[in-house]
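Colleague: Next up is a structure, given as structure tokens.
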Amino acid sequence: MDILILGGAGQVGTELWALDWGEGVRLHAPTRDELDISDEAAVARAFAAHSYAAVVNTAAYTAVDKAESEVAAAWRLNALAPAYLAAATRAAGIPLLQVSTDYVFDGSKPGAYEPDDPINPRSVYGASKAAGELAVRTGNPRHVILRTAWVVSPHRANFVKTMLRLSAERERLSVVEDQHGSPTSAADLAAALRIVTLRLVSDAQAPTGTFHCVNAGATTWCGFARAIVAGAAHRGGRQVPVDGIPTSAYPTPARRPANSQLSTASLRAAYGLTMRPWEDALADILDRLIGPAAADDDTMKGVRS
């Protein structure tokens, strides 16, 4: 069984490679130079040359602020590429898994978003990802779209690694405290993708559609930063104060959703997946980046926000 992984060098792609997929499963993760999925002819050639059992697309233009000035580049990778993949996978009769984002919502809803809530992206990145969802949804009926948010890991650039670097360099930090969401481990998202992919391959009646996949619980960026700094301090790092600031004090080219909370109830009902708390996922990431915490670690107590 051959499975095509796109975006294999990213946070989620790296974790997909690290998983045990079972006997007989072979992963293929071509680089962008080997397969440019924003090139329709290149996608067609790839599928003509090889037979796959499923495609997992984690590739995306994720430079959220840069997308505001590089509109065409964002739409090529986030919208056109999924359209090409949907057409190719439908023609091949195989399922397509597409990773999407909380940015398809405007963040104005109180509480967690459900997969069927109306979308209203407020940025180029969010609009291009919403278009990619539509391309997949209409292009291949055997699809699963997994929306996620605030993805972190020991790999590539992400919020955890940025906070660790800044807490080592500065005497105090200032982080936005009026945006709410669920930090998500790339490893946990990858594990969910593996389960869903293998189910889709083995069961023609497996549930399809749009689901949400984030770690359990919610916090703010400031609350997340405080948990990162506290966890690092218990592993020998510096304990520095983290001050909360409003979004208005940290303007960015792209508008962020004030509320990025995503309900995972439908994913649990369809695939039996229960996501663990984000605090536990963070502890694992810090263990991998820094080392184990002290045996009497109570770092996470009292820092959930």
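Values in this text are rule-based calculations from the coordinates and carry no lab data. Since the structure is predicted, the reported quantities are computational estimates derived from the model, not experimental observations. We place every Cβ from the backbone using ideal geometry, glycine too, and count neighbours over all the protein chains shown.
Colleague: When only C-alpha pairs under 8 Å and at least 6 residues apart count, what is the relative contact order of the range 43-92, in percent?
Modeller: 51 percent
Colleague: Continuing with the same structure: How large are Rg and Dmax for the chain when calculated on the C-alpha trace, in angstrom?
Modeller: Looking at the chain, its Cα Rg and Dmax stand at 19.2, 57 Å.
Colleague: Taking the alpha-carbon centroid of each part, what is the distance from the range 113-156 to the range 22-100 in angstrom?
Modeller: The distance from the Cα centre of the range 113-156 to that of the range 22-100 comes to 14 Å.
Colleague: With both partners inside the range 135-245, how many of the DSSP beta bridges are antiparallel, as a percent to the nearest 5?
Modeller: Here the share of antiparallel DSSP bridges comes out near 15 percent.
Colleague: What angle, in degrees between 0 and 90 and rounded to the nearest 10, separates the Cα long axis of helix 278-289 from the longest principal axis of the Cα atoms of the chain?
Modeller: Once rounded, the angle reads 90 degrees.
Colleague: Further question on the same structure: Quickly estimate the mean residue ellipticity at 222 nm for the chain, helices only: each DSSP H run with n ≥ 4 gives -39500 (n - 2.57), and the total goes over all residues, rounded to 500.
Modeller: When only DSSP H runs of four or more count, the value is -11000 deg cm²/dmol.
Colleague: Next question, about the same structure. In the chain, if the dipole is taken from +1 on Lys/Arg beta carbons and -1 on Asp/Glu beta carbons about the Cα centre, which of Pro121, Gly139, His28 is farthest to the positive end?
Modeller: Pro121
Colleague: Another question, then. Which FRET efficiency value, to the nearest 0.05, is calculated for Asp287 and Arg26 with the Förster distance at 30 angstrom and r the Cβ-Cβ distance?
Modeller: Efficiency computed from Cβ-Cβ geometry: 0.50.
Colleague: Let me ask something additional. How large is the charge dipole for the chain, taken about the Cα centre, if only the Cβ atoms of Lys, Arg (+1) and Asp, Glu (-1) carry charge, to the nearest 20 debye?
Modeller: 180 debye
Colleague: Taking a ≥ b ≥ c as the square roots of the eigenvalues of the Cα gyration tensor of the range 72-122, is the shape rounded (a/c under 1.5), prolate (a/b larger than b/c) or oblate?
Modeller: oblate
Colleague: Also, I was wondering about something else. Considering only the other residues whose Cβ falls under 12 Å of the Cβ of Pro118, what net charge follows from Lys and Arg at +1 and Asp and Glu at -1?
Modeller: It works out to a net charge of -3.
Colleague: A further question follows. So what's the net charge close to Val240: Lys and Arg +1, Asp and Glu -1, counting the other residues with Cβ under 9 Å from its Cβ?
Modeller: Summing Lys and Arg as +1 and Asp and Glu as -1 gives +2.
Colleague: Which whole-number percent is the relative contact order of the chain (Cα, under 8 Å, 6+ apart)?
Modeller: Here the relative contact order equals 20 percent.
Colleague: Same structure, new question: Let me check I've understood the local charge: for Ser266, count other residues with C-beta under 10 angstrom from its C-beta, Lys and Arg +1, Asp and Glu -1. What total comes out?
Modeller: -1
Colleague: Normalised radius of gyration for the range 26-168, please: alpha carbon Rg relative to 2.2 N^0.38 Å, two decimal places.
Modeller: 1.11
Colleague: May I have the extent of the alpha carbons of the range 7-79 along their three principal axes, as whole Å values ordered from largest to smallest?
Modeller: 45, 28, 18
Colleague: Counting each pair of different Cα atoms once, what's the Kirkwood radius of the range 103-224 in Å, rounded to one decimal?
Modeller: One over the average 1/r among Cα pairs gives 16.5 Å for the range 103-224.
Colleague: Report the gain in length on full extension from Glu68 to Arg276: 0.36 nm times residue separation, minus Cα-Cα distance, nm rounded to one decimal.
Modeller: 71.5 nm
Colleague: Given a Förster distance of 35 angstrom, what is the FRET efficiency for Ala294 paired with Ser174, based on the Cβ-Cβ distance and rounded to 0.05?
Modeller: After rounding to 0.05, the efficiency reads 0.80.
Colleague: Antiparallel DSSP bridges in the chain: what percent, to the nearest 5?
Modeller: Here the share of antiparallel DSSP bridges comes out near 5 percent.
Colleague: I would also like to ask the following. Can you compute the modelled spin-label distance between Asp39 and Ala204, with each label point 7 Å from Cα toward Cβ, in nm?
Modeller: 3.6 nm
Colleague: Throw me the Rg/Rh for the range 160-304, computed over C-alpha atoms with Kirkwood Rh, two decimals.
Modeller: Checking Rg against Rh, the ratio lands at 1.03.
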